[in-house]
Structures are given as structure tokens and as C-alpha cells.
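Here the structure comes first, spelled out in C-alpha cells, and everything after it is commentary.
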Amino acid sequence: MAVAVAPLDQLAQAPDFGDIAPVRDILDRIHAGERISDDEALRLYYEAPLHELGQAAMAVRFRHVPEPIVTYIVDRNINYTNVCVTYCKFCAFYRPPGHEEGYVLSREELGRKIDEAKALGATTILFQGGHHPDLRLAWYEETLRYIKAEHPIYLHAFSPSEIEHLAHLEDLPIRTVLERLIAAGLDSIPGGGAEILVDQVRDRIAPLKTRTDVWLEVMETAHQLGLKSTATMMYGHFESIADRIEHLRRLREVQDRTGGFTAFINWSFQPKYTAMQRVDPAWTYEYLRLTAVARCYLDNFPHLQSSWVTQGDKVGQLVLLFGADDMGGTMIEENVVSSAGTTYCMNEERCRALIRQAGFHPIKRNTPYEHLEPLPAGLD
């Protein structure tokens, strides 16, 4: 069925859904554990009462995580360089080659940041950066080996767009680049760079960045090689609601084939200081609605993270009642979102308190979602 696209801020103007099942029937099927279609997800997005949508999302959440727990991780996001040649219109972090504010972290500074994070209880480094034209694959391999030898820690590193950039620089297959990075110490891949997995949207916000099919190819290849990864969505710019569902469809199809995604994270575009700063920020209502629909639709994803980094801790807590079962990282350091003027912070104590206030038990985890503390008595 072809569904007309409605403007992002006009949910009230729903398209004609024709013979698609009524909202009540779709929600009942979700509670019964059945898979919903793209058109049914779209209808839920437009028409389902928010509280009933949240209840359906929680039903899916408890099928994946039956216990009344919410997990979190202590981590640090280290950006090894801000030099980038993709010039994404939504990014306030990057600097072009030759810019006076451009940097590449030295090994000494990188080691210091890792040691600081480990002293604060971090178990993972989220290691990402810009598409630097002069950093070749050997630099990445040497850096990974240095970290593993001198400051050993789990490395959740290099989004698909970074990996494709390296493949292009070296004129190598994506699989070969991944194999070399794995041999050097790569443990898993973050889901960054997905934005919206629809090329017509990507052409408007990041025309020089990885195409949809290539982003998905990197992830599927990584899963075939034994790596796990997360998956993301950055919404609230030029995409339609139908584009959001298409994004989810592409992720669900890969997950059906590989089972390699551990979690889905969606966050709203932060426009301040970017080339798209005239775009109005998405509202909390949109975030809750999209998260709940994603939890209902992505029935093969084991986890869904809260995005308190862009939404703030209170909304990050509220979304735990709309299908999220994980608070993500405490983020000892974060540079990209904060460059766009959004600077929410959270320490481990605050994270655990928010989880308890929402009616759940906090459980510290690592990146593969293994628990680092026992379940409370009565839940084990």
C-alpha cells in the first residue's frame, strides 16, 4: 500500500490507511507476540494513543528482558580526531583539514583518557572520530594494538562510515578492513553514522557520507565475522515519518539474517551551531512515540537504549516506560552532541537513582550486555 507522507509536525493529518488493520487489532497482536508490518507500524505512529502504545512497547520489552531491571554501562567516548572530509550538515563537531581547531589525539593523551576512565569504573571505550584524509589503516591498527598492550580495555570502535572511509582510502574490500581491525583488537562496532537509512534523506544532510546499502553491508559483514554492534537513528530533520519506518525495516531485515545487533538507540537531531540550525528540534512527544513504535517493530532486537544524552535525564527516565530497558552509558566524556549545544551529564549514582525512581532495579553491564553484578534477591 502506498501511504502519503505527512509533515513531521502534523501527526494529526494521518494518511488514509485503507484496509490496514485497526489500531486496536494491531496492539492486540503485539501483546500476543506477533510481528507487525511496515504499514501497521506507520498506522500506530499516527493513530495509537500514546499510553496504549507505551503499554504495547513494554510488553515487547518484557519478552526480551523479563526481569524488572534496567541496565547501564560506565564508559567514555573518546574522539581520536575531529578532522573530517564528509562535511555533514548536521554536525557541529567536525573541522576541515588544515583548520586551526583540528586535532588528532597523541598516544599519550589517549592513554591518559583511558586510565582516567578506568579509574572511574569504565569497562568500555567508545572510540570514534572524523574521516581524516591522512590517517591510514596502519594508524588504526597500531593505535588498537597500543591500547590493548598498554591500557587494556574493551574497544567499541569505528562506525560503518569510518570503516568504509578506510576501505576507500586503502582501496580494500570492507571485509579485509574489518578483518585487520579485528586482528588488531577491535571488539565491537557502534551504530553511528546511520542517521536515516534512506538515501534521499542522506543526500540532503550528508551527501558525501556512506550510502544506506554500504552502511548495512558493513554491519552485516561485521556480524558474519563474529562482531556484535548497535544500531542507531538520528531523526527530526528532513525525513518523513515513513522514512523512519523504512529505516527500522532495513535494520530488522539485517537482524533477521545475522542476529548481530545488540541494541537500538534513537536520538533527536540537535540543530544548534550546525548548518541546519534553522530546523526546529523534535519534541519529547515525538521521542516517546518513535521509541515505542521502534520497540514494537524491532521484535528481533534484544535491547533498546534510552537517549538521555540528547533528551535529558528526566525524559531518559520516562522512556523506560515506553520500551527502553537500558540507560546506555554514563558517558564520562561526550563531544559530538555537546558541540551542538546539548550538554546533559550523568554520573553512575544519578543513573542508578533514576532507574530506581522509575520502579526498576539498576544493573551494571558491559558492552556485550553481560551483567557485572548479581540480580537482586528474588530475581535470580
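The values are calculated or read from the model by the stated rules, or taken from the named source; none is laboratory data. None of these values were measured; they are calculated from a predicted model. Heads up, the Cβs are rebuilt from the backbone with ideal geometry, glycines too, and the neighbour counts pull from every protein chain shown. Side chains included, ligands, DNA and RNA excluded: accessible areas come from the protein's heavy atoms. Shrake-Rupley method; radii C 1.70, N 1.55, O 1.52, S 1.80 Å.
Annotations
- Top-ranked residue in the range 126-146 [being open to solvent by 10 Å² or more (accessible area, probe 1.4 Å) and in a strand (DSSP E or B); ranked as nearest to Gly192 (Cα to Cα)]: Gln128
- Selection within the range 220-239: residues that are among the polar types (S, T, N, Q) and open to solvent by less than 10 Å² (accessible area, probe 1.4 Å). The member of this set that is nearest to Met327 (Cα to Cα) is Thr232.
- Residue count, the range 193-215 (criterion: touching a helix residue (DSSP H, G or I) at 6+ places or on another chain (Cβ under 9 Å) and either at positive phi or open to solvent by less than 10 Å² (accessible area, probe 1.4 Å) (or both)): 11
- Top-ranked residue of the range 338-355 - restricted to ones that are out of contact with any Asp or Glu (no Cβ under 6 Å at 6 or more places or on another chain) and assigned to a loop (DSSP other than H, G, I, E, B), ranked as modelled with the highest pLDDT: Asn347
- Scope the range 355-380; condition touching a Lys or Arg at 6+ places or on another chain (Cβ under 8 Å) and free of Cβ contacts under 8 Å to residues at least 60 places away in the same chain; matching residues: Glu373
- Flag for Ala242 being under 21 Å from Leu110 (Cβ atoms), in a helix (DSSP H, G or I) and open to solvent by 10 Å² or more (accessible area, probe 1.4 Å): no
- Filter pass, Thr123 being of a type in the set (Ser, Thr, Tyr), touching a residue at least 40 places away in the same chain (Cβ under 8 Å) and open to solvent by less than 20 Å² (accessible area, probe 1.4 Å): no
- Identity of the residue in the range 293-334, of a type in the set (Ser, Thr, Tyr) and more than 22 Å from Ala56 (Cβ to Cβ), that ends up modelled with the highest pLDDT: Thr330
- Members of the range 163-185 that are in contact with a strand residue (DSSP E or B) (Cβ under 8 Å, 6 or more places away or on another chain) and open to solvent by 10 Å² or more (accessible area, probe 1.4 Å): Gly185
Residue-by-condition table, conditions (1) polar (S, T, N, Q); (2) free of Cβ contacts under 8 Å to residues at least 24 places away in the same chain; (3) within 28 Å of Arg356 (Cβ to Cβ); (4) open to solvent by less than 10 Å² (accessible area, probe 1.4 Å):
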site	(1), (2), (3), (4)
Pro22	no, yes, no, no
Arg35	no, no, no, no
Tyr45	no, no, no, yes
Arg63	no, no, yes, no
Val70	no, no, yes, yes
Val104	no, no, no, no
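- Any hit, the range 361-377, residues being farther than 23 Å from Lys228 by Cβ, modelled with pLDDT under 95 and open to solvent by less than 50 Å² (accessible area, probe 1.4 Å): yes
- In summary, Ala149 fulfils each of the numbered conditions (1) open to solvent by less than 60 Å² (accessible area, probe 1.4 Å); (2) of a type in the set (Gly, Ala, Ser); (3) without any contact (Cβ under 8 Å) to a residue 60 or more places away in the chain; (4) part of a helix (DSSP H, G or I) with the single exception of condition (1).
- Flag if Val279 is modelled with pLDDT of 90 or more and crowded, with 17+ Cβ neighbours inside 10 Å: no
- Glu109 being charged (D, E, K, R), surrounded by fewer than 20 Cβ atoms within 10 Å (Cβ to Cβ) and free of Cβ contacts under 8 Å to residues at least 24 places away in the same chain: yes
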